[in-house]
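Presented below is the structure to which this report refers.
The values are calculated or read from the model by the stated rules, or taken from the named source; none is laboratory data. Note that this is a predicted model, so its numbers are computed, not measured. No Cβ is skipped: glycine too gets one built from the backbone with ideal geometry, and neighbour counts run over all protein chains shown.
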Amino acid sequence: MQEYTQNYLQSGGKKSFSEYYLISGKDAIFDTSLRNNMIFSLHNLASDNSFNEFNLIICRNVLIYFNKTLQTRVHKLFYDSLNSFGILVLGKQESIRFSPYENNYKYIDKVEKIYRRCN
Ligand SMILES: C[S@@+](CC[C@H](N)C(=O)[O-])C[C@H]1O[C@@H](n2cnc3c(N)ncnc32)[C@H](O)[C@@H]1O
């Protein structure tokens, strides 16, 4: 939690980070003010379709296990599920390069594989 607190402060967080969670034993539990706005849902990248427009999609270390056909399916899913200027985060070994959607994104961070949808 100390590392997350540092990240929060470095990204401009103004309140006390501890206001967002409670400690219970070894667990940190989201405060209800956050939890009430969350939806947890299973989504199968291989068979489900887009179900929302998101500002941010983080999908790390999954694409590397998929073949090219399935990777292309998932890239379409990401593209269809992100709103304009939405942000996509992949794993460090993953990329949108050589996908049909390559030209629809701009790099925010090349090393961390953070992209912004640009059209
Ligand atoms: C190597 S783990 C990566 C976990 C985490 N994202 C990370 O970076 O530490 C791969 C994850 O992909 C998930 N996964 C595998 N096939 C999937 C599919 N078809 N749809 C959605 N998730 C899948 C697995 O359940 C597993 O949690």
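What the table shows:
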quantity: Index of the failed condition, F66 passing every other in (1) under 27 Å from Y4 (Cβ atoms); (2) surrounded by 13 or more Cβ atoms within 10 Å (Cβ to Cβ); calculated: (1)
quantity: All helices (runs of 4 or more DSSP H) inside region 1-100 with 3 or more residues being away from the ligand (no atom under 16 Å from the Cβ) and free of Cβ contacts under 8 Å to residues at least 40 places away in the same chain; calculated: 2-10, 32-35
quantity: Which numbered condition S47 misses (of (1) among the small types (G, A, S); (2) surrounded by 13 or more Cβ atoms within 10 Å (Cβ to Cβ); (3) at pLDDT 95 or above); calculated: (2)
